[in-house]
Amino acid sequence: MQLTLHLTSKCNLNCKYCFVELGNERMSREVAYAAVKLSMENKKSSGLLFYGGEPLLERELIYDIVDYTQKIKAQTGHIFYYKITTNGTLLDEDFLKFSRDINMSVGFSHDGLAQDDCRLFHDGGGSFALLEDKLKLLLEYQPYAAAMSVVDPSTASKACETVHFLFNKGFRYITLGLNYGGAWTQAKLDILEREYKKMAELYKKWTRAEHKFYLSPFEMKILSHLKGEKYNADRRKMSQEQPSVAPDGKIYSSSRHVGNPAFIIGDVFSGIDAGKQRDIFIKGTPPDACLECAILTRCNYAYDSLGSDETGVVSAIAPVQCVHEQLITPIADDIAATLYKERNALFIHKHYNELYPVMSLAEDKKE
């Protein structure tokens, strides 16, 4: 089982668009170890994602959890995989050595040149300058670290610059997500569309130059075309297989719903209520308004638009999500059509060869 462990609700940043309800809750070792045992049910391997708040505020707990899992591995042969999502402000060489030694994947939240617009300290100060040296250090130890950016309406005009900045710093895995709760207007969405089109030209340029990289959301949209009906079936299955554990041990169906009682599906001591989990999964189907949409099978939200009201869990895609999917899909399709028509070898290898990730990694290690 894959579990997201919300080690703390505390964070040293106060990002304007953060969906986590910040507080002072901390996960105890008792809860953490119970979560580890739960993750081992009926599997030969487990995945643990350290999350927050800012998980590096609980660095000693991370060390203890990993030590606990390594002892279990020595006794039982059970394999554990580790990931962390961090704002990077507390990264240092000691932790990066540790993460490298246990093969922990690192997701680094950074908004590039828009960093100081939204990712602020509690006193209002920016975090960009502090992270300059940490970017370089991170990539020395974790060359495949993912840079995870958020686009807010206030930073839409910097979206392409953000991607370019992170690429030039050395990141080759870049994800770009929207703050869907922001004050999006048609004017801001028009700006975003122009930024995506500029990004599309970068995507083509880098691919033609034979740079290996991953840039979401374009990659996901191209994948949605190739997979067809199977695209969202796989996405839904993956989301069901990674519940989230809150600091108090309650288990939620996903990380963005932590704290919402409607999405509690159990706790680490009694386990997951399969019936409740199944009910939530079943409700994650497209609203009636989506059923005739031309990109229904390719939409990231038609099958993942859960919220809640006084009746409990409901499915209702937000207007901004809908507009965004309509906006980005033809841009991604143009990228794919252009590079495929050119018979670009890297593009075809990347998207049509299932062994590409393994082969790419092997090639990198030879260099």
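Values for this structure:
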item: Contact order relative to length of the stretch 12-161, as percent, for alpha carbon pairs under 8 angstrom and 6 or more apart; result: 26
item: Residue-averaged [θ]222 nm for the chain, counting only DSSP H segments that reach four residues, each worth -39500 (n - 2.57); result: -14000 deg cm²/dmol
item: Inter-label distance, nm, simple model (7 Å from Cα along the C-beta direction), Val323/Asp248; result: 3.7
item: Local electrostatic count, Leu56, Cβ distance below 12 Å [Lys/Arg +1, Asp/Glu -1]; result: -2
item: For q = 0.11, 0.15, 0.22, 0.23 Å⁻¹, Debye-computed log10 I/I(0) when each Cα of the stretch 114-184 counts as one equal scatterer; result: -0.29, -0.53, -1.06, -1.13
item: Rel. contact order, % - alpha carbon contacts under 8 angstrom, at least six apart, the chain; result: 16
item: Alpha-carbon centroid distance for the pair the stretch 40-94 / the stretch 297-324, whole angstrom; result: 31
item: Added length on full extension, which subtracts the Cα-Cα distance from 0.36 nm per residue, Ile282 to Glu60; result: 76.1 nm
item: Protection proxy ranking of 114-122, 151-159, 285-293 - average other beta-carbon atoms within 10 Å, highest first; result: 151-159, 114-122, 285-293
item: Nitroxide proxy distance, nm - points 7 Å out along Cα→Cβ at Lys205 and Asp92; result: 3.9
item: Cβ-derived FRET efficiency at R0 30 Å, Ala187 paired with Asn344, nearest 0.05; result: 0.30
item: Computed P(r) (all Cα pairs; the chain; 20 Å bins; percent); result: 26, 62, 11
item: Most to least packed among 345-354, 300-309 [average Cβ atoms within 10 Å]; result: 300-309, 345-354
item: For the stretch 2-366, with +1 on Lys and Arg beta carbons and -1 on Asp and Glu, the positive-most of Leu13, Ala345, Thr155 along the dipole; result: Ala345
item: Pairwise FRET efficiency - Asp309 versus Lys71, Cβ, R0 = 56 Å, nearest 0.05; result: 0.80
item: Protection proxy ranking, peptides 105-112, 71-78, average beta carbon neighbours within 10 Å, highest first; result: 105-112, 71-78
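We did not get these values from a lab; they are worked out from the coordinates using the rules stated. None of the values given here were measured: they were computed from a predicted structure. Ideal geometry is used to build each Cβ from the backbone, glycine not excepted, and the neighbour counts take in all protein chains shown.
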